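Written out below as structure tokens is the structure these notes cover.
Please treat every number below as a calculation from the coordinates, not as lab data. Since we're looking at a predicted model, the values are computed, not measured. So basically every Cβ, Gly included, is an ideal-geometry build from the backbone, and we count neighbours across all protein chains shown.
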């Protein structure tokens, strides 16, 4: 079943994170509609936890994380899956 | 080598011929001849005729006038126009000038070339709206907070209102400073013959446009010779940043950097003080072998002429006149030379706190007595008072 | 993965050598910048002709972070500076990007007059309900009875209804969103940027460090959730009814005003042409 669903998907979501810009506000994680990202337990050099792309399979590439992020630290987009 | 590009006046703005107009109208014509194509103003007596004429003339010359909601708005609106590429001015008097102070500082900090015309009236506060004074001379230099330098020019006649406001625009462009054109109600409302020459006889300075390309251009990299940076305007692809914060050569804020702040503020002052000899402008009359020197500016220098005549006629006292046209920076060396020769320097001016006289005192450093001859304004000196001061000083 | 990772479209707008910016964690200003950048790209505006003018304050720093011709002016005076810029070169696309204190308190007079004149600029007002840069003082947008450092026992005043203020003064496009409504906000900014005349967009944004903390309203995430719950979208709403007097009131968001009328320069050129005839060359058209 899962395989069939994966086959149907022609697009996948991609999330790019710049940990050094992150200030750990958690808005991206809180408002991600599918729970594709979560806060890392790691710290950046300023001492903030930053998001990580923990569930790529869930990501639809809607890009909301990148629109919300006040620090320009995360960016999500949709990419065509090559056959 | 600093590149200053001189050209001649755009004929569209030049009303060549002889006119019978007052100083305010003449100042407007001078501004148009100098290439001023934008003015923002707010009505205030006794300056309003300058912008009234500008509002009538500019649609035909090609440019813009806007009456803003207050002087604060006017004094920043014109700077927007400058960064869009035009030469611009605002015109006001005492209370409006007080409101403009923050933006004089902004122009100084951002090195925005522009002209502030102040047709002085008596203060403090609302004071004497319809009558003259020269009580804003220190304010024009120091009114905005922090250290900066500016240039003050003071005309004595309508003809000079025309001619010297052209100097004001030219100096603003050369040194990228706000230049204060310090008129007074008397000169502003005095109607006389004003001769406007052919455009090709009017020398005008072009903006110091950079020859660098976007990417290699640094907005606040000074010319090593005269310490003035080169300019760009909005819309040309430079993607530059302008801020009133202390900034580095890129124009980026560096408001917590002591060294950058020190270097910037020193340069803003030194570009005037080190180039002062190129800015000075004054006129001397009978100073070769005078015993008493009258040192004045604007309408007071003109009134002093009669006092000087009286002293010569009645007592045979040799009196010279030293008239500052550029009131700041001052030609210190020449004033010192004269101070060493004369018995006293008398400084008539329309303020009672020796606003210019105290500068002379500082320069002269006791070489001879400096006698402030203040008048509170709302009128001009009686020439008899100047005569009496001369007689007293010559004793 | 065969492809290289794409860049956030906001990157090309940023002076990346100045990142990270000074805004606090969770501050809404950066979110508004994301929407603005996407809106500008969608409009297809020539970035070389786009000017950003800011006043002073947290939002006043936007100009300094955007890689455009950008002007960080004096407190409250972004609009008159923008007026000079636009009138001197009408080919420029001029956007004022500033905060509520800057635009509505010290700059309030300029806001109403620019709207009245219908100067062709877009004003983006990020409203975080207090003065952030100076440490959280009361603003003309602070909710009645909420706490600020200069109203430590609660604000006795009532806040401005900014959309109504702009609309009643003649703005041709007036809208309000919150930083929760990023998609809608982006679409609205496209309209505002394309609109000829004075357009005004208010963006409600969290100030977690000062306003939320002092008033015990939680984190930015909490406020965003609050925005989500309290907001009611009412396009075309009567602006008289969109005031935010108290914190618990519903937040009416949407595009309230979208009318057409000649801008300042249209009127100027028409009147001059009428009176001066062929002697007059239309300015900037």
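Of note:
- Unit Cα scatterers, Debye sum, the range B:283-394: log10 I(q)/I(0) for q = 0.13, 0.19, 0.21 Å⁻¹: -0.39, -0.89, -1.11
- Relative to the longest principal axis of the Cα atoms of chain C, the long axis of helix C:29-43 makes an angle of roughly 30 degrees.
- Inverse of mean 1/r across different Cα pairs in chain B, Kirkwood, Å: 21.4
- Relative contact order computed over the range B:283-394 (Cα-Cα under 8 Å; 6+ residues apart), in percent: 34
- Average Cα contact separation per residue, the range C:24-279, under 8 Å, 6 or more apart, as relative contact order %: 19
- Of every Cα-Cα pair in the range A:15-69, the percent that sits beyond 20 Å: 15
- Candidates B:259, B:198, B:149, ranked by Gaussian network fluctuation over chain B, Cα under 10 Å, top entry: B:259
- Applying 1/(1 + (r/R0)^6) with R0 = 60 Å to the Cβ-Cβ distance of residue C:258 and residue B:353 gives a FRET efficiency near 0.55.
- Scaled radius of gyration (Cα, divided by 2.2 N^0.38 Å) that the range B:147-284 gives: 1.26
- In terms of surrounding Cβ atoms within a 10 Å radius of their Cβ, C:61, B:121, B:267 rank from fewest to most as B:267, C:61, B:121.
- Share of Cα-Cα pairs in the range B:6-205 lying beyond 32 Å, as whole percent: 6
- Quotient of Cα Rg and 2.2 N^0.38 Å for the range B:198-240, N being how many residues it contains: 1.45
- By the equivalent-ellipsoid construction on the alpha carbon gyration tensor, the protein assembly as shown comes out with semi-axes of 57, 26, 24 Å, ordered largest to smallest.
- Cα long-axis angle, helix B:258-273 against chain B (0 to 90 degrees, to the nearest 10): 50
- Modelled this way, with points 7 Å down the Cα-to-C-beta line, the labels at residue A:54 and residue B:378 are 7.9 nm from one another.
- Rounded Å value of the spacing that divides the Cα centres of the range B:300-356 and the range B:125-153: 21
- The label point for residue C:270 and the one for residue A:79, both projected 7 Å from the Cα toward the Cβ, are 5.4 nm apart.
- P(r) of the range C:24-279 over all Cα-Cα pairs, binned every 5 Å from zero, in whole percent: 1, 7, 14, 19, 21, 17, 11, 6, 3, 1, 1, 1, 0, 0
- Angle between chain B longest axis and helix B:94-110 axis [Cα atoms, degrees, rounded to 10]: 50
- A Förster distance of 30 Å, applied to the separation of the beta-carbon atoms of residue C:281 and residue B:212, puts the FRET efficiency at 0.40.
- Rg/Rh for the range C:134-186 stands at 1.09; both radii use Cα atoms, and Rh follows the Kirkwood definition.
- Span from the the range C:1-80 Cα centroid across to the the range B:206-264 one, whole angstrom: 20
- Contact order normalised by residue count of chain A, Cα under 8 Å, 6+ apart, percent: 39
- Residues B:324, C:111, C:276, sorted so that the one with the fewest Cβ neighbours within 10 Å comes first: C:276, B:324, C:111
- Just so you know, the averaged projected area of the alpha carbon convex hull for the range B:216-364 sits at 12.4 nm².
- Residue order, fewest to most beta carbons within 10 Å, for B:99, C:162: B:99, C:162
- Estimated 222 nm signal from helices in chain C, with DSSP H stretches of n ≥ 4 weighted -39500 (n - 2.57), rounded to 500: -9000 deg cm²/dmol
- Placing R0 at 25 angstrom, the Cβ-Cβ distance between residue A:46 and residue C:134 gives a FRET efficiency of 0.55 after rounding to 0.05.
- Inter-label distance for residue C:153 and residue C:17, nm, one decimal - labels placed 7 Å from Cα along Cα-to-Cβ: 5.2
- Residue-averaged 222 nm ellipticity for chain B, from DSSP H runs of 4+ at -39500 (n - 2.57), nearest 500: -12000 deg cm²/dmol
- In angstrom, the C-alpha Rg and Dmax of the range B:244-286 are 15.9, 53.
- The range C:3-92: Cα Rg divided by the 2.2 N^0.38 Å rule of thumb: 1.15
- Between the range C:92-147 and the range B:27-53, the alpha-carbon center distance in angstrom: 31
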